[in-house]
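Visitor: Sharing a structure, written as structure tokens. Questions coming.
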């Protein structure tokens, strides 16, 4: 990784396009992979700069200062200006993880509805569309971060197990 001083965090496609305009080379698309231990593996559609000499360089700074990533080139994929959702695979059979994945997918659908699908950077979304999903994702993320599973007490402190409390509500609310 060699973050470019002019690159913007999490904006690989515009970063690589700007680098190509300044220094030549080309864009190589593929998947940036990471693991949330005991929870999931996630692949994010990503681009690196292919220098004129053929060196693959990830020029996009990472939000948490990561210095290494796993990048898998996918020459079948091209960036066409539209957002591609991440691919998430659970590492165990657990309702909390499945719900976290489904809610994450629902957030991407809302963020990319209509003309928003081709926007990068700050995307304006009506609060009533996105806030309930973000709140649920936050609750699920906290639960997973604490190591809670579907048979453990719900993080909302109702006293019930997740699968019978928020788990059941999410099943009904989102048709999960």
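Visitor: Within the range 122-131, does at least one residue satisfy the condition of being closer than 22 Å to residue 39 by Cα and in a loop (DSSP other than H, G, I, E, B)?
Guide: Of all residues in the range 122-131, those closer than 22 Å to residue 39 by Cα come to none.
Within the range 122-131 (the criterion being closer than 22 Å to residue 39 by Cα and in a loop (DSSP other than H, G, I, E, B)), the answer is no, since none of the residues qualifies.
Visitor: If you don't mind, there's one more thing I want to ask. Kindly provide the set of residues from the range 45-84 that are modelled with pLDDT under 95, within 14 Å of the chain's Cα centre (by Cα) and surrounded by 15 or more Cβ atoms within 10 Å (Cβ to Cβ), ordered by number.
Guide: 62, 83, 84
Visitor: Taking only the range 147-176 into account, find how many residues are within 27 Å of residue 109 (Cα to Cα), touching a helix residue (DSSP H, G or I) at 6+ places or on another chain (Cβ under 8 Å) and not in a loop (DSSP other than H, G, I, E, B).
Guide: Qualifying residue count for the region: 6.
Visitor: Which residue out of 141, 145, 114 is free of Cβ contacts under 8 Å to residues at least 24 places away in the same chain and within 15 Å of residue 39 (Cα to Cα)?
Guide: On the way: 141 fails: free of Cβ contacts under 8 Å to residues at least 24 places away in the same chain; 114 fails: within 15 Å of residue 39 (Cα to Cα).
Just a single option satisfies the conditions, and that option is 145.
Visitor: One residue is enough: does the range 92-99 have a residue meeting the conditions closer than 19 Å to residue 145 by Cα and in contact with a strand residue (DSSP E or B) (Cβ under 8 Å, 6 or more places away or on another chain)?
Guide: Looking only at the range 92-99, we keep the residues that are closer than 19 Å to residue 145 by Cα, and these are 92-99.
Next, only the ones that are in contact with a strand residue (DSSP E or B) (Cβ under 8 Å, 6 or more places away or on another chain) stay: 97-98.
For the range 92-99, residues closer than 19 Å to residue 145 by Cα and in contact with a strand residue (DSSP E or B) (Cβ under 8 Å, 6 or more places away or on another chain): present.
Visitor: Another question about this same structure. Restricting attention to the range 31-42, and to residues there that are in contact with a strand residue (DSSP E or B) (Cβ under 7 Å, 6 or more places away or on another chain) and surrounded by 19 or more Cβ atoms within 10 Å (Cβ to Cβ), which single residue is nearest to residue 101 (Cα to Cα)?
Guide: Looking at the filtered set, the residue picked out is 40.
Visitor: Closer than 21 Å to residue 42 by Cα and either surrounded by fewer than 17 Cβ atoms within 10 Å (Cβ to Cβ) or modelled with pLDDT of 90 or more (or both): does that describe residue 159? Full working, then the answer.
Guide: Numbers: closer than 21 Å to residue 42 by Cα: no; either surrounded by fewer than 17 Cβ atoms within 10 Å (Cβ to Cβ) or modelled with pLDDT of 90 or more (or both): yes.
Taking the combined requirement at face value, the residue does not satisfy it.
Visitor: Hey, which of the strands (runs of 3 or more DSSP E) in the range 1-107, taking only ones fully inside, have at least 3 residues that are touching a helix residue (DSSP H, G or I) at 6+ places or on another chain (Cβ under 9 Å), more than 30 Å from residue 173 (Cβ to Cβ) and not assigned by TED's automatic domain parsing to the domain that holds residue 151? Talk me through it step by step, then tell me what you get.
Guide: Values: elements: 26-36, 40-50, 70-73, 87-90.
Of the strands (runs of 3 or more DSSP E) lying wholly inside the range 1-107, those with at least 3 residues that are touching a helix residue (DSSP H, G or I) at 6+ places or on another chain (Cβ under 9 Å), more than 30 Å from residue 173 (Cβ to Cβ) and not assigned by TED's automatic domain parsing to the domain that holds residue 151 span 26-36, 40-50.
The values are calculated or read from the model by the stated rules, or taken from the named source; none is laboratory data. In this text, all values refer to a predicted model and were calculated from it rather than measured experimentally. Positions of Cβ are generated from backbone atoms using ideal geometry, with glycine treated the same way; all protein chains shown enter the neighbour counts.
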